[in-house]
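Quick note: the coordinates plus some simple rules give every number you see, no bench work behind them. As the structure is a prediction and not an experimental result, all values here were calculated from the model. Methodologically, a virtual Cβ is constructed for each residue, glycine included, from the backbone with ideal geometry; neighbour enumeration extends over all protein chains shown.
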Amino acid sequence: MCPLLLDWRYKGTLVCRKALLYSMLLLYSHTINTMASKHKIIFTGLLVLISVQWTLCFSEEELHASYWNNKASQALHTALNVQPNVHQAKNIILFLGDGMGVTTVTAARILKGQMAGKSGEETSLVMDTFPHLALSKTYNVDQQMPDSAGTATAYLCGVKANYGTLGVTAAAPRSKCSATYGNEVTSVLHRAKKAGKSVGIVTTTRVQHASPGASYAHSADRDWYADSDLPPEAIRNRCRDIAYQLINNTEINVILGGGRQYMFPKTTQDPEYANITGSRNDGQDLVKEWRRNKMNAKYVWNKAELAAVNPAATDFLMGLFEPKDCRYELDRDKSMDPSLTEMMEKAIKILSKNPKGFFLFVEGGRIDQGHHAGKAKRALYEAVEFDRAIGRAAELTSELDTLTVVTADHSHVFSFGGKSARGNPVLGVSRTLADDKKHFTTALYGNGPGYVNGTRPDVNESVSSGNDYLQQATVPLDSETHGIEDVAIFAKGPMSHLIHGVQEQNYIAHVIAYSACLEPYENCTLPPPNHAGAIHPSLLLLLMSLLLLFLCSV
Ligand SMILES: [Zn+2]
């Protein structure tokens, strides 16, 4: 909340908005009759503007104890009514915000509120509304600061691994192909498929990237995207690239994201960019290979084609919308590229046809990349879009039979603080000056490309809210690093109460497997999925309205 009276900053000057509003009202009531009509319009307009500004940032009710007491007692009531759902999960959706540490979650929440014209802090992300939470310890077996490959192996395969390795135990050192054999671990996606469910991956990065990669690949190195990336030792020992494994390991029903280039030979030109070709040395067209022998399989590479896919007539869908990673949400070509939410929506519609249910992995993959670039705005807009997808998934599924887990693989050295007033823009500056008499942004990095060599420049909000503004960093690094602290796990749906306490990250895969009675818990005694109330909320509303209409008419 903006502090009482002193809360409106105009060109660096704090204006006593409430006092201004009252004095203008007073003046207005005394002079309105004597004013020229042109002045009347200007004066009224000004009054409206100030009133709107005031209510946007300042909620009068927050001044009263009753507001906070009521709000908290409602939350208490909700908490008292939380009943664990101990049925089997029919569907599982795992949302992974790559690099989405708790600081990022908070900043994204406030940004979401501010994008809707509110103060922001009081806003709820969709993930905030999940009833069960835990902290996840993210370290890799050989690294305190983890990476996305080792962590993906943990939360998808249930076993912690080394930095940079995918789908193998820590007995396999990074980049040693020969150590892959005998050390493979399988993902919950693979196990769900084995149990008869449909499975899918949706990401804003390339689909061969580390996070989705651990759901289907076993690779001693996360960077072996195409065969042209394999070193001599890997070729000698017949290790396969990740793109090859994407289509040859588990049969995945829906694959959506970037990563076109790794699927085609070097002789194939990209359909969208004249200067880009495929990157395969083996001459294979993996998309063609993937479609071979599949019924109702479609490949698309742009938004219009994706929109035209009829879920009822499609059992397999591959959509690759960029040669490498998808564009940042801030740069997305809305006529060519689907959003994460649009991709996920199509995936759920295709996968949910299976009466045995589905497993879907949805990644907001570029939160991480925005942070690495030292550009908080990019990371946070990705996080807001990620949360929007979580909201849409909630509309398309039922909490009664769908376990939804939201988590991050690791954090970043992103900090968010400084003496900021209520409603301070997330990408703005602190209201007080630093000891060098200059402004500073409340979003900062511990290290990264925003390092300032020499004297720190002053900064104002119009500069710091730019798409490519580099928040200042303490240590010079080309690429900002991951953080080491725990990340949150949010869960709702069947068996989601198992998400509690402080857990090792690989616990997540075990909760998922147990909730759906997948290997190694296939003999679990959980009662079958609860469909009794699996009625869509909007349908329920419609039925209630019809009932009301009926009652009123008799
Ligand atoms: Zn990263």
field: For Met127, Met115, order by how many other beta-carbon atoms lie within 10 Å, fewest first
entry: Met115, Met127
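With only Lys, Arg, Asp and Glu charged, each at its Cβ (+1 for the first two, -1 for the last two), find how big the charge dipole of the stretch 421-554 is about the Cα centre; round to the nearest 20 debye.
Working: 6 positive and 12 negative charges, 123 e Å.
Magnitude of the dipole: close to 600 debye.
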- line: Residue separation between His30 and Gln83 times 0.36 nm, minus their alpha-carbon distance, gives in nm 13.1 nm
- line: One point scatterer per Cα, no solvent, Debye formula: log10 I(q)/I(0) for the stretch 420-480 at q = 0.16, 0.25 Å⁻¹ comes out as -0.49, -1.11
task: Identify the residues of the stretch 89-127 with backbone N under 16 Å of a label point that sits 7 angstrom from the Cα of Tyr67 along the Cα-to-Cβ direction, or state none.
output: 118-124
Sorted by Cβ neighbour density within 10 Å, fewest at the top, the residues His77, His190: His77, His190
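Assigning unit charges at the beta carbon (Lys, Arg +1; Asp, Glu -1) and nothing else, what dipole magnitude in debye, to the nearest 20, does the stretch 420-480 show about its Cα centre? It would help to have the intermediate numbers written out before the result.
Numbers: 5 positive and 7 negative charges, 59 e Å.
So the dipole magnitude of the stretch 420-480 works out to roughly 280 debye.
State the percent of C-alpha pairs, over all pairs in the chain, separated by a distance greater than 29 angstrom.
Details: 89407 of 153181 pairs.
Result for the distance tail: 58 percent.
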- line: Per-residue Cβ contact counts at 10 Å, fewest first, order Met35, Met343 as Met35, Met343
- line: Contour minus Cα-Cα span, Glu485 to Leu433, at 0.36 nm per residue, comes to 15.8 nm
task: Compute the long axis of helix 102-115 from its Cα atoms, compare it with the longest principal axis of the Cα atoms of the chain, and write down the angle in degrees, 0 to 90, nearest 10.
output: 50
- line: For the stretch 420-480, whose charge dipole is built from +1 on Lys and Arg Cβ atoms and -1 on Asp and Glu Cβ atoms, the candidate among Ala434, Gly466, Gly446 with its Cα farthest towards the positive end is Ala434
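Only Lys, Arg, Asp and Glu count, each charged at its Cβ (+1, +1, -1, -1), so figure out the dipole size of the chain about its Cα centre, rounded to 20 debye.
Values: 54 positive and 54 negative charges, 182 e Å.
Dipole about the Cα centre, nearest 20: 880 debye.
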message: Exposed loop sites here are trypsin sites (Lys or Arg not before Pro) in DSSP loop states with at most 11 other C-beta atoms within 10 Å. What is the longest stretch of the chain lacking them?
response: 12-237
